[in-house]
Amino acid sequence: MSYITKPVARHKGDRTNGLGLTTRDYEGSMSTLCAGCGHDSVTAALIQAFWELDVEPHRVAKLSGIGCSSKTPTYFIKEAHGFNSVHGRMPSIAAGANAANRDLLYVGISGDGDSLSIGLGQFCHAIRRNVNMLYVLENNGVYGLTKGQFSASADIGSKSKKGEVNRQGPIDPVSVALTLGATFVARSFSGDKQQLVPILEAGLEHDGFAFVDVISPCVTFNDHVGSTKSYAYTRTHMHEVVQTDFVPIRSEIRTEYAEGTVREVKMHDGSSVRLRKVDDDYDPTDRHAAIEYLGSVADQGEIATGLLYLAEAGEDLHRFSATVDQPLVSLGYEELCPGSEVLREVQKEWW
Amino acid sequence: MQPTDTRDPQYYHKVVDCQWACPAHTNVPEYIRLIAEGRYTESYMLNRESNVFPGILGRTCDRPCEPACRRVRVEDDPVAICRLKRVAADLRDDVQHLLPTAPPVKNGKKVALVGSGPASLTVANDLVPLGYECTIFEALPKAGGLMRTNIPAFRLPVRVLEEEIDYVLDMGVDIRYDHRIDSMKELLDSEEFDAVFVGTGAPKGKELNIPGRAEAADNIHIGIEWLEAIHFGHIDSVGERVLVIGVGNTAMDCCRSAKRLGGKDIKVMARKTRPYFKASPWELEDAEDEQVEILVNHSPQAFVVEDGRLLGMIFDLVEWHENEKGRLVSTKLDETFIHCDDVVLAIGQDNAFPWIERDIGIEFGEWDMPVVDRATFMTTREGVFVGGDAAWGPENIIWAVEHGHQAAISIHNHCNDIPVTDRLPYGMTLVSTKMGIHEWRYSNDYNPANRTPMRYEELERRLADIQVEAELGYDIPQTAREVERCLNCDIQTDFTAKLCIECDACIDICPVHCLTITENGTEEELRDRLMAPADNLEQAIFVSEDLPQTRRVMVKDEDVCVHCGLCAERCPTAAWDMMQFDLINPHAGQHTWSPAATSA
Ligand SMILES: Cc1cc2nc3c(=O)[nH]c(=O)nc-3n(C[C@H](O)[C@H](O)[C@H](O)COP(=O)(O)OP(=O)(O)OC[C@H]3O[C@@H](n4cnc5c(N)ncnc54)[C@H](O)[C@@H]3O)c2cc1C
Ligand SMILES: Cc1ncc(C[n+]2csc(CCOP(=O)(O)OP(=O)(O)O)c2C)c(N)n1
Ligand code: SF4
Ligand code: SF4
Ligand code: SF4
Ligand SMILES: [Mg+2]
């Protein structure tokens, strides 16, 4: 852990976004994670994404559970709202917060332990409810915070730091999300911001539950030879099946693509996501085909990355609950709780 | 790009902007750290190694280091490098026992030094400890050259000046006062000396030959002569209204001296506008604080004399613009007359070598100046060397010192039958500052404090007596604050490519976005696609060997790195280390490297 705070000195040539802010205005406090932890890079990618999207810091709500990954909301956008919840319970906190104030931009940060062991049920139900949020799972194959036990995402055959071999099959969060009907499913790598940042941007703009599984190596407990979640292993086994470009509303499209290789998907605010096929026979808009294809990639021992599946967001938590358009927090007490008289009137229906 | 060769001492040397800019390459960051630790004596001695006169220079140096200071590129004002030097000098303990001494047995070689300015004194400082017998010939009754005769006591107290001159002379220099050398031929023909060094400065003040000059001679003074006369007590008053012609540093000393000799209405007359003034900004500020008026766009035309007495001067009022060739030309708008009692001319200095015969093998070139080699300081006659203002015209003390060091190396070679061109290159040592996981042997915490202002003697008191020093120097709390502004540019970010796992931690943490991992390319194109564009072409970009995992390269823009060490703190593999760079700047008598050093 560094004992000094980050110097306030800045590069005079730092670019500013539409709000006149530089990326440094989206930072949080100094990270207390191990030096070289993949999670810090995901934080940096998030900072970049929020900055590029001109997001006003006070419009963001950061939520997390417990784990090294769950500590990271402290390290970006210090002016944002935040809630560091109980282990595995981030999704229900996110759902509650979103129910109360649909106007904020929700970003949940979780780990493979937080989401796939203790919080697996919560994770599933957030998908099912289609909570409008960006859900980032910083996946390192271990419980980093509790000193490196295998997590539920550890691959069969992967070795612990002491040489012990994992024999139980992994839960693949991407498959879980796809099967449960998520409309935005991606996988990326903390060591590849070129790929990760546009995916995070698209996820923030997606009008429903957006899931991003980020391979994020635990440099202290799972970055050795024999690990399948190390920097070196991920780099040599990464297989980008589809490339993602995010095109914000303002910017014109300059890159030219060969006929038939690009699919452009409009986002609700007018921005667009451009998906460029790398694998010819992959279709990121066909859920069943995607599940099958990704399975075959995994069978070859490769890690499929990119924005793997994207569809219309469909009905979300608020539609299901038929809430008003106005955020509930902005309603007066009288409107939210009209009193026992009104309640009695409503209940008469069932008498 | 090719991987950067950081084992060439000049690469890291250039990163230490102040040290690079200092003609004598003083190790600024280390002396500032020593001050921070309260080790004033060590700081003083470290200074002395390169610049010989820390007490004098801590008050008067031209400070080429300060505009170069990295802090200027991060915020606005440089670290007060010069003023901190004065702190080390003021607060040092007795250093007598630490000074170099002459060996009891001499080496049998004799060197003549003409003039006793900083250039000659430096040559003596370097050669006497090696066993040379040095003889200084000085035209005046005291030593020090312009440092003594022209820098007024309110900027440089005589006590400080003499103490540091004596450190050199007291080693056993044979100094002959009131001994002007009138013939170089005679000096050489005497065959008494193995080498001769000319350190006679640029002793002639420039003239202003306009109507009335001869008639008003009694009240027109040549700046440098006038200051010298004040120093020796030959002049102790001046008229009430004084015009100083010129706006360089000499003009500033003249107008401020006039203020102290009883002048009331002092005007500095400039032909151009402020951006073209030659005086250092701080000297201008000090003069204006003392209520000296500076008038711009006044071009002197004539002295007006009545009944043999100076009445005033006529000036053209002019305006400046650029002509087609980009040269500044003036147009006259009007004319004006300004009353005055005295005029001081401070429009420059010239060299003059009437005492060097032109047929003794010392070739003279352009401007009637001796031809001097830029690296060896030797003239076309073997064994005759020139340095300081005498070499290429007026500069400043710190350049004179550096010339002295270099000439001493040449003289030492010459006397030992080694070619003068045979010079040891720069060397360096590089030592990790790591103390613990995230602890370093230097204060890496960035302090956003602004530059500490100077304390001055009360105006009335300082104007009443020319001997009263105007600046009071920093007190301890001011010093403690200012030292923390130094960015420790000598603590280098040293990279070992084979250790890097490309986790991006250093890239993400760097507060000034000066690191990037990317595909290699040409310099021009690389500079453009870094985390922040590297558009200061004066500053190098570092390019690593190929990184092991992706064969990309680590690129660092040296421009605005604040040496906070966070890249090294966040690096899991110690691919980055914060290493203290120490330049080895060879002086006379050094022929080999210490085992720890790396040479070019
Ligand atoms: C008014 C003024 C203020 C200045 N202020 C500063 C300042 O604040 N900071 C700074 O860095 N620089 C300053 N300078 C410049 C600085 O003083 C000179 O650059 C420096 O002193 C040059 O050193 P030197 O050794 O070459 O020669 P000098 O200092 O000029 O010394 C030459 C010596 O040689 C003697 N001499 C000359 N001819 C002969 C001869 N034939 N025989 C014997 N002796 C001879 C002279 O009497 C003199 O003592 C100032 C200059 C002036 C004029
Ligand atoms: C209810 C509860 N059970 C167990 C723990 C202990 N615990 C803390 S963090 C953690 C696992 C974290 O793993 P992961 O989510 O993958 O985060 P990482 O540290 O790897 O980023 C566990 C089991 C806890 N804090 N609370
Ligand atoms: S233990 Fe692992 S996951 Fe936790 S901070 Fe350290 S490297 Fe990151
Ligand atoms: S020391 Fe490292 S982190 Fe700090 S400014 Fe320099 S390159 Fe950046
Ligand atoms: S922190 Fe170290 S290992 Fe990571 S990218 Fe930087 S130099 Fe390489
Ligand atoms: Mg984990």
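Things to note:
- Computed on protein heavy atoms with a 1.4 Å probe, the accessible areas place A:S151, A:S340 in the order A:S340, A:S151, largest first.
- Accessible-area rank, largest first, for A:K78, B:K206, A:K62: A:K78, B:K206, A:K62, with all protein chains present and a 1.4 angstrom probe.
- Fraction of antiparallel bridges per DSSP, chain B only, in percent to nearest 5: 60 percent
- Principal-axis tilt of helix A:287-299 within chain A, Cα atoms, nearest 10 degrees: 30 degrees
- From helices alone, the protein assembly as shown scores -8000 deg cm²/dmol at 222 nm; the rule is -39500 (n - 2.57) for each run of n ≥ 4 DSSP H residues, then divide by the residue total.
- For a label point 7 Å along the Cα-to-beta-carbon line of B:Q549, residues of the range B:507-525 with backbone N under 15 Å: B:507-508, B:517-519
- Using heavy atoms of the protein chains and a probe of 1.4 Å, the accessible area assigned to B:R73 is about 50 Å².
- Computed from Cα atoms, the angle from the helix A:38-52 axis to the main principal axis of chain A rounds to 50 degrees.
- Where the range B:205-348 is the region considered: accessible area per residue in Å², 1.4 Å probe: 48 Å²
- Complex-versus-alone comparison for the range B:419-465, residues with a loss of 40 Å² or more in accessible area, probe 1.4 Å: B:H438, B:D445, B:Y446
- Among the listed pairs B:K267/B:K332; A:K78/B:K14; A:K6/A:K266, those beyond 29 Å (Cα-Cα): A:K78/B:K14; A:K6/A:K266
- Inter-label distance, B:A217 to B:F364: 2.4 nm, where each label sits 7 Å from its Cα along the C-beta direction.
- Comparing each chain alone with all protein chains together (probe 1.4 Å, DNA, RNA and ligands left out), the residues of the range A:190-225 losing at least 30 Å² of accessible area are A:K193.
- Charged-residue dipole, Cβ positions (Lys, Arg, Asp, Glu), the range A:1-140 about Cα centre, Debye nearest 20: 140 debye
- Using a probe of 1.4 Å, the accessible surface attributed to B:H513 totals some 30 Å² when neighbouring protein chains are kept in position.
- Cα lying deepest toward the dipole's positive end in the protein assembly as shown, options B:I356, B:G58, B:L243, charges on Cβ: B:G58
- Apolar share of the accessible surface for the range A:23-318: 51 percent from carbon plus sulfur atoms, 1.4 Å probe.
- Using heavy atoms of the protein chains and a probe of 1.4 Å, the accessible area assigned to B:F303 is about 10 Å².
- Among the listed pairs B:K206/B:K278; A:K62/A:K147; A:K193/B:K556; A:K71/A:K193; A:K62/A:K159; B:K498/B:K556, a Cα-Cα separation exceeding 22 Å is found for A:K62/A:K147; A:K62/A:K159.
- Annotation for A:D299 and A:K78: the two label points, set 7 Å from Cα along the Cα-Cβ direction, are 5.2 nm apart.
- Of the complete DSSP H runs in chain B, none spans 30 angstrom or more by Cα along the long axis with a mean Kyte-Doolittle score not below -0.5.
- Solvent exposure of the range B:1-158 as accessible area per residue, Å², 1.4 Å probe: 31 Å²
- Heavy atoms of the protein chains alone define the surface here; on that basis the range A:275-351 has 68 Å² accessible area per residue at 1.4 Å probe size.
- Residues whose placed amide H lies under 5 Å from that of B:G205, excluding near-sequence neighbours: B:D350
- Distance from the C-alpha centroid of the range A:159-215 to that of the range A:21-96: 17 Å, rounded to the whole angstrom.
- All lysines inside 16 Å of B:K434 as judged from Cα atoms, apart from same-chain residues fewer than 8 positions distant: none
- Once A binds B, the 1.4 Å probe can no longer reach about 2600 Å² of accessible area, counting both sides.
- The long axis of helix A:193-205 is offset from the longest Cα principal axis of chain A by roughly 10 degrees.
- Straight-distance crosslink candidates among aspartates and glutamates, where the alpha carbon sits under 13 Å from B:K204 and sequence neighbours closer than 8 are dropped: B:E225, B:E228, B:D350, B:D389
- Kirkwood Rh in Å, taken over the protein assembly as shown so that all alpha-carbon pairs contribute: 33.2 Å
- Going from the chain on its own to the full set of protein chains, the range A:1-50 has these residues losing 50 Å² or more of accessible surface (heavy atoms, 1.4 Å probe, no ligands, DNA or RNA): A:S2, A:I4, A:K6, A:P7, A:A9, A:H11, A:K12, A:A35.
- Table column - 3J(HN,Hα) (Hz), the range A:267-282, Karplus curve with 6.51, -1.76, 1.60, x for Gly and Pro: 9, 5, 8, x, 6, 9, 10, 10, 9, 10, 5, 9, 8, 4, 9, 9
- Charge dipole of chain B (Cα centre as origin; +1 on each Lys and Arg Cβ, -1 on each Asp and Glu Cβ, all else neutral): 560 debye, rounded to the nearest 20.
- Centroid-to-centroid, using Cα positions, the range A:120-149 and the range B:156-234 are 82 Å apart.
- Across the range B:456-464, computed HN-Hα scalar couplings (Karplus, 6.51 cos²θ - 1.76 cosθ + 1.60, θ = phi - 60°) run 10, 5, 3, 3, 4, 5, 6, 7, 6 Hz from first to last residue, x flagging Gly and Pro.
The values are calculated or read from the model by the stated rules, or taken from the named source; none is laboratory data. Remember, it's a predicted structure, so these values are computed and weren't measured experimentally. Glycine gets a Cβ as well: all are built from the backbone with ideal geometry, and neighbour counts include every protein chain shown. In case anyone asks, the SASA skips ligands and DNA or RNA and just uses the protein heavy atoms, side chains included. Shrake-Rupley method; radii C 1.70, N 1.55, O 1.52, S 1.80 Å.
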